[in-house]
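J.: This structure is in structure tokens; I'll ask about it shortly.
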Amino acid sequence: MKIEETLVLHEQHLTARTARFLWQTRAIDWPVPGGHFGDQGFFFQAVDENGVGADFAPSDLFDVLEYASGEGYLYVVITLTGSVCSDLPLYDRTGDEKRIHASQFMERKSAQELDEQRELEALGFLSTQLGFDRTDAHLSDSMMDVTSEVISFQSNMPEVPVAHQREKIQRLIDLASACTAIARCQPAELVESTKAVQFAFKGISELLDSKTIPDQLWSVLGEAHYRLQRADDVMSEQDTSPELSLS
């Protein structure tokens with residue numbers, strides 16, 4: 001039997017009742033292994049046996065997973081843009097059985113909330129590293145050191161492995177994010193770090209403008225640019241270093 005990776009099917013192969021259950025229930029509590037596919041649908045591991053009790057999958061869902069397993073697929077994605085399979089039932093979603101959207105059951109976090117969450121995660125990650133502390137001097141020195149190294153890549157990029165460059169740029173992202181998180185709590189203590197953030201922002205901007213960087217680094221440098229901009233915005237709003245501004 002030929003093993004394929006993923007079968008992508010249309011959401012009409014699930015009843016509205018099953019879709020509602022999947023959106024309202026944490027994936028860890030589903031009767032079969034799987035998860036939410038962003039806010040677009042669901043993904044599952046294909047299975048050929050149903051469970052009982054808490055492990056019993058609704059018949060419409062099990063039909064899909066059993067069919068996928070029998071056809072040699074390992075995983076199933078169910079989404080609005082998936083394909084219709086003539087070998088599986090289709091369920092009417094008109095009237096009361098209309099399409100079930102994730103937004104009906106889960107409130108999406110705002111971009112600001114997601115940014116703040118990532119900044120706290122970065123601070124938490126750095127805090128676990130030996131020698132890291134939240135003082136202005138340490139943050140400033142760390143930011144200047146890694147920025148200088150990243151900027152130097154422009155002159156010797158072919159000799160520096162891309163993985164190493166990405167690692168250093170990611171550290172710059174983490175430092176910028178950590179500065180943002182700290183600045184929201186103790187802005188007056190980050191005077192030198194604000195200058196370091198602005199120095200880094202200028203350097204990354206020039207690096208992006210040069211258009212000489214490898215394709216593999218564009219996205220991570222773009223993220224660094226964004227995080228440094230956010231850091232400066234938050235610090236400037238808090239009057240940490242009013243005499244310096246990116247504008």
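J.: For the chain, what does -39500 (n - 2.57) per DSSP helix run (n ≥ 4), summed and divided by total residues, give at 222 nm, in deg cm²/dmol to the nearest 500?
T.: Numbers: 7 runs with 124 residues, N = 247.
Using -39500 (n - 2.57) per qualifying helix, the result is -17000 deg cm²/dmol.
J.: Eight or more residues apart or on different chains, and alpha-carbon atoms under 30 Å: count the Lys pairs in the chain matching that.
T.: Numbers: K98/K109; K109/K168; K168/K195; K168/K202; K168/K211; K195/K211; K202/K211.
So the count of such lysine pairs works out to 7.
J.: According to a simple spin-label model (label point 7 Å from Cα along Cα-to-Cβ), what is the distance in nm between Y226 and R20?
T.: Label at R20, label at Y226, 3.6 nm between them.
J.: Roughly how many nanometres apart are two label points built 7 Å out from the Cα toward the Cβ at H164 and S86?
T.: Here the modelled spin labels are 5.8 nm apart.
J.: Fewest first, what order do V76, V84, V150 take by the number of other Cβ atoms within 10 Å? Provide the component values of the computation, followed by the final result.
T.: Numbers: V76 25, V84 10, V150 21.
Least crowded to most crowded, the residues run V84, V150, V76.
J.: Full extension from D209 to Q154: what is 0.36 nm times the residue separation minus their Cα-Cα distance, to one decimal in nm?
T.: Working: separation 55, 0.36 × 55 = 19.80 nm, distance 1.15 nm.
Computed gain between D209 and Q154 is 18.6 nm.
J.: Still on this model: Given R₀ = 30 Å, what would the calculated FRET efficiency be for I28 paired with Q129, taking r from the Cβ atoms and rounding to 0.05?
T.: Details: r = 30 Å, r/R0 = 0.99.
For I28 and Q129, the calculated efficiency is 0.50.
J.: For the chain, what is the charge dipole size about the Cα centre, in debye to the nearest 20, if Lys and Arg each add +1 at the Cβ and Asp and Glu each add -1 at the Cβ?
T.: 240
J.: Please check the chain for the longest run free of trypsin sites (Lys or Arg not before Pro) that are loop-located per DSSP (anything but H, G, I, E, B) and have at most 16 other Cβ atoms within 10 Å. Display every interim value, and only then the final one.
T.: On the way: sites that count: K2, R26, R93, K98, R99, R108, K109, R184, K211.
With trypsin sites (Lys or Arg not before Pro) excluded where exposed in loops, the chain gives 110-183 as its longest stretch.
J.: How long is the gain from E189 to A54 if the chain were fully straight, where each residue apart is worth 0.36 nm and the alpha carbon distance is subtracted?
T.: Working: separation 135, 0.36 × 135 = 48.60 nm, distance 5.29 nm.
My answer for the length gained is 43.3 nm.
J.: Projecting each Cα onto the charge dipole of the chain (Lys/Arg +1, Asp/Glu -1 at the beta carbon, about the Cα centre), which of S59, V47, I151 comes out farthest on the positive side?
T.: It is I151, whose Cα lies furthest towards the positive end.
J.: Next up: To test your reading of the geometry: what angle, between 0 and 90 degrees and rounded to tens, separates the Cα axis of helix 215-237 from the longest principal axis of the chain?
T.: 60
Bear in mind these aren't lab numbers, they're just calculated from the coordinates by the rules spelled out. Bear in mind the structure is a predicted one, so any value in this text is a computation, not a measurement. All Cβ positions, glycine included, derive from the backbone under ideal geometry; neighbour counts span all protein chains shown.
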